[in-house]
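J.: Sharing a structure below in structure tokens format, with a few things to ask.
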Amino acid sequence: MMKTMERNAAEVVVRPNTFATILVHAEPRLAAASHRVEAAARLARDLDARLIGVGAETFNPGPYSGAFLGYAGAEWVALVQEQIAKNIAAAETAFRRDAAGADIDWRTAQDYPHRALVNAAHAADLIVVSPRNERGDLQSANPADVVMSAGRPVLVVPEGRSHLVGLNVVVAWKNTRECRRALGDAMPFLQRADQVVVVAVVKPDMADVAARETGEVVANLKRHGVDARPLVTSIGPDPVELEIERIAGLNGADLIVAGAYGHGRLREWAFGGVTDSFLHRPPCFVLLSH
């Protein structure tokens, strides 16, 4: 006969939904990196979470490698690797400065930054990134690759912002796997918020369906202790992402929660308009899940 073992209630540790570990890429001498690390560090301090900084950079040897240019090429590769090591050391100095006061850890890799973050994602609950920039993927983390590959929620920090308050939050609702996952991933933020608006931007003939769905989402959120309300609005002449941004502004929200929709195409990701806009030009902090 199989014996059932019951755990004593005192042995069971119940914790509220939270992000216990946060992951962020750090680069030296870059204002956007400082804002990103400062935002991640503030969040880590607010949540009593550990912050893992990742120093990662690589290079593309191409025709300049030793296989093509012999000894001179090998010397060039060695010099570039030495410079990368110096850059990563400088990134650590900047990270420790910008993350002062947080419980921190530091990791390094001579690799594409987005790949280094993805490889370390198993150790974290949340990844903090910046919007896509023009520095290229060798020195900065491509947020699209992180969102689509990490299997973790990704917080995109808007330019010039370093403090997520999160008292008012807008959820961009669409009844898809990605959005349902984003809703669950964002629960630590939603439970801390004073007000959550679940908004669906739909065609007029879908308004009744959207009203039922958002009402049910709000009812479930309230069972989780989230003060939420539904809002259904019609698609107008402006793109959906601008309507979501408008609603966020009207409600004083500094965080938008959304699903990330995309698929791979020849080493690049092809996205819908909303996801692409939030990855490149976020109007405020945006939490994306795929």
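The values are calculated or read from the model by the stated rules, or taken from the named source; none is laboratory data. Note that this is a predicted model, so its numbers are computed, not measured. Using ideal geometry, Cβ is built from the backbone for each residue, glycine included, and neighbour counts are taken over all protein chains shown.
J.: Can you confirm whether segment 122-142 contains a residue that is touching a helix residue (DSSP H, G or I) at 6+ places or on another chain (Cβ under 8 Å), assigned to a helix (DSSP H, G or I) and in contact (Cβ under 8 Å) with a residue 40 or more places away in the chain?
T.: Taking every residue of segment 122-142 in turn, none turns out to be touching a helix residue (DSSP H, G or I) at 6+ places or on another chain (Cβ under 8 Å), assigned to a helix (DSSP H, G or I) and in contact (Cβ under 8 Å) with a residue 40 or more places away in the chain.
J.: On to the next question. Filter segment 17-51 down to residues that are of a type outside the set (A, V, I, L, M, F, W, C) and part of a helix (DSSP H, G or I) and give me whichever is surrounded by the most Cβ atoms within 10 Å (Cβ to Cβ).
T.: Here the answer is R36.
J.: Let me ask something else. Could you go through segment 147-154 and let me know if any residue there is touching a His at 6+ places or on another chain (Cβ under 7 Å), farther than 15 Å from E27 by Cβ and either in contact (Cβ under 8 Å) with a residue 60 or more places away in the chain or in the same structural domain as D194 (by TED's automatic domain parsing) (or both).
T.: Looking for residues that are touching a His at 6+ places or on another chain (Cβ under 7 Å), farther than 15 Å from E27 by Cβ and either in contact (Cβ under 8 Å) with a residue 60 or more places away in the chain or in the same structural domain as D194 (by TED's automatic domain parsing) (or both), one finds at least one in segment 147-154, hence yes.
J.: Name the single residue that is farthest from H114 (Cα to Cα) among those in segment 172-192 being crowded, with 16+ Cβ neighbours inside 10 Å, over 15 Å from the mean Cα position of the chain (by Cα) and in contact (Cβ under 8 Å) with a residue 40 or more places away in the chain.
T.: Among them, the one singled out is Q191.
J.: So which residues in segment 157-171 are crowded, with 19+ Cβ neighbours inside 10 Å and either more than 14 Å from the chain's Cα centre (by Cα) or among the aliphatic types (A, V, I, L, M) (or both)?
T.: V157, L164, G166, V169, V170, V171, listed by residue number.
J.: Tell me, which strands (runs of 3 or more DSSP E) wholly within segment 214-290 include 3 or more residues that are over 29 Å from R132 (Cα atoms)?
T.: 228-234
J.: Another one. Given (1) out of contact with any helix residue (DSSP H, G or I) (no Cβ under 9 Å at 6 or more places or on another chain); (2) exposed (fewer than 14 other Cβ atoms within 10 Å of the Cβ), identify the lone condition not met by N251.
T.: In the conditions (1) out of contact with any helix residue (DSSP H, G or I) (no Cβ under 9 Å at 6 or more places or on another chain); (2) exposed (fewer than 14 other Cβ atoms within 10 Å of the Cβ), N251 misses (2) alone.
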